[in-house]
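The values are calculated or read from the model by the stated rules, or taken from the named source; none is laboratory data. What you are looking at is a predicted structure, and each value in this text was computed from that prediction instead of being measured. With ideal geometry, Cβ positions are generated from the backbone for all residues, glycine too; neighbour counts draw on all protein chains shown. Surface areas here come from the heavy atoms of the whole protein model, side chains and all, with no ligands, DNA or RNA. Shrake-Rupley method; radii C 1.70, N 1.55, O 1.52, S 1.80 Å.
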Amino acid sequence: MNRSRGSRSLRRSLLLGGIALICGLTSGSCAVPFDPIGLVNSVRVMSVDVNTLDLATEDANDFSGGGSYARPGDTVRLTMTAYDGRESGGEPLTIVWIAGCFNPPGNQYYGCYQQLGEVFASLSGGGPPPAGLIGTGPFFDLTLPADIVSDVPEPDSGERVGTAYVFFLACAGTIGPVEQDGDTSAGSFPIGCFDASGNQLGPESFVPGYTQVYAFEDERLNQNPLVLGLSWDGATLEADAIQEVAACTVTEEERKMSGCAAVDEFTECTTVKLDIDVPDDVAEADPGAQDAEGNELREVVWVSYFASGGEFESETKLISDARDGIQGDTRTTRWVPPSEPGIYQIWAVARDNRGGSTTTTHTVTVTD
């Protein structure tokens, strides 16, 4: 839930009478039962960053080339940022990658199910998987076929674009097959997550998804947004910096209250001003994109914030607009620490509208 507090006092004044009447006539506590979107209290996948092997360096581990766009025959590395924020803990987090789907029918993810039938069968105990199509852990390398573009029929307009789908599973348990469900062409994903007793786990313990890598006929690339660091109260943090901040006295339950029982933790507690440090030219030109006057447009770049505790004033902020470019003070947000002391994580994911992303992670110690 993206909750802006800038106009909260005004809303309280306008609605005070009505809310007081509602609270007086009901037995409820005026609690909002939803957690903020940026709060990571379950198994979550914050991002999958894609980087292309830089062939110019002749280094097999230098994945510093383009991001979500690659060329036929290129090798790309997918890097997942995932976290298990459940209080109960349990089984360790298992990450599985499933590749081998290129240019599916209709260019839809569910068109991959037939292509990946052999791979799905191997995950169900039906024999070894095809080489190079299954991976585990936070990294996965994929080589695009040399014919990923030439295999695409000539379109009526524009150039040909090849697409690779890579599925991923983040499971706090064991991967296994599930029965197909649904009467649409999409059906249901044929792989699930199970606990030690064989019970299928829900979304708090299992995140399936996919990412796409594109190959254009003109071999254009898309660099991921360049991030210089996370700005903490105006100072850019070193990559391995661990920040320390005092706990907020407003409890988690009090933060969920609304109306007559609401407490504004952003007023009651010390907050941290956060920004993502990027160069002014972080947004690349977006080929073929023009405004109504024919002016070339650039990428739209924004940042998504996540934390394993506490709350953001706004979890998503615009960094660079397609026409106006880099934003000023409006791109900053505030984070209020949790009420419980401990070790917490904050993630900032800079994204562009062409599928590029760069993830920054920092550890925060919350004290009494």
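Our coupling estimate for the range 316-333, obtained by passing each phi through the Karplus curve with A = 6.51, B = -1.76, C = 1.60 and θ = phi - 60°, is 10, 9, 6, 9, 9, 8, 4, 9, 8, x, 4, 8, x, 5, 5, 8, 7, 9 Hz, Gly and Pro reported as x.
The value of relative contact order for the chain, using C-alpha pairs under 8 Å at least six residues apart, is 19 percent. For the pair the range 323-347 and the range 191-229, the centres of their Cα atoms are 24 angstrom apart. Averaged over residues, the count of other Cβ atoms within 10 Å places the peptides 111-119, 162-170 in the sequence 162-170, 111-119, highest first.
Taking every protein chain into account, the accessible area of the range 66-184 amounts to 48 square angstrom per residue (probe 1.4 Å).
For the chain, the longest principal axis of the alpha carbon atoms and the long axis of helix 8-25 meet at an angle near 70°. Of the beta bridges in the chain, as assigned by DSSP with both residues counted there, near 90 percent are antiparallel. Using only side-chain charges placed at the Cβ, +1 for Lys and Arg and -1 for Asp and Glu, the dipole size of the range 85-159 relative to its Cα centre rounds to 380 debye. The order of the peptides 64-77, 252-265 by mean Cβ neighbours within 10 Å, most packed first, is 64-77, 252-265.
Applied to the range 222-237, the Karplus parametrisation 6.51 cos²θ - 1.76 cosθ + 1.60 on θ = phi - 60° returns per-residue 3J(HN,Hα) values of 9, 6, 5, x, 7, 10, 8, x, 9, 8, 10, 6, x, 10, 6, 7 Hz, with x for Gly and Pro. Compare Gly192, Gly328, Gly229 in a GNM of the chain, Cα atoms joined below 10 Å, and give the one with the largest fluctuation. The residue that fluctuates most here is Gly328. For Thr136, neighbours were defined as the other residues whose beta-carbon sits under 15 Å from its Cβ, and their charges (Lys and Arg +1, Asp and Glu -1) total -1. Accessible surface computed residue by residue for the range 248-368, with neighbouring protein chains in place and a 1.4 Å probe, gives 42 Å² per residue. Solvent-accessible area assigned to carbon and sulfur over the chain amounts to 50 percent, based on a 1.4 Å probe.
The value of relative contact order for the range 232-274, using C-alpha pairs under 8 Å at least six residues apart, is 50 percent. Figure legend: label point modelled 7 angstrom from the Cα of Arg323 along Cα→Cβ; residues of the range 277-304 with amide N under 12 Å from it are 290-298. Simple rule: put +1 on each Lys or Arg Cβ and -1 on each Asp or Glu Cβ in the range 64-166, find the dipole, and look at Gln114, Thr136, Ala146; the Cα lying farthest toward the positive end is Thr136.
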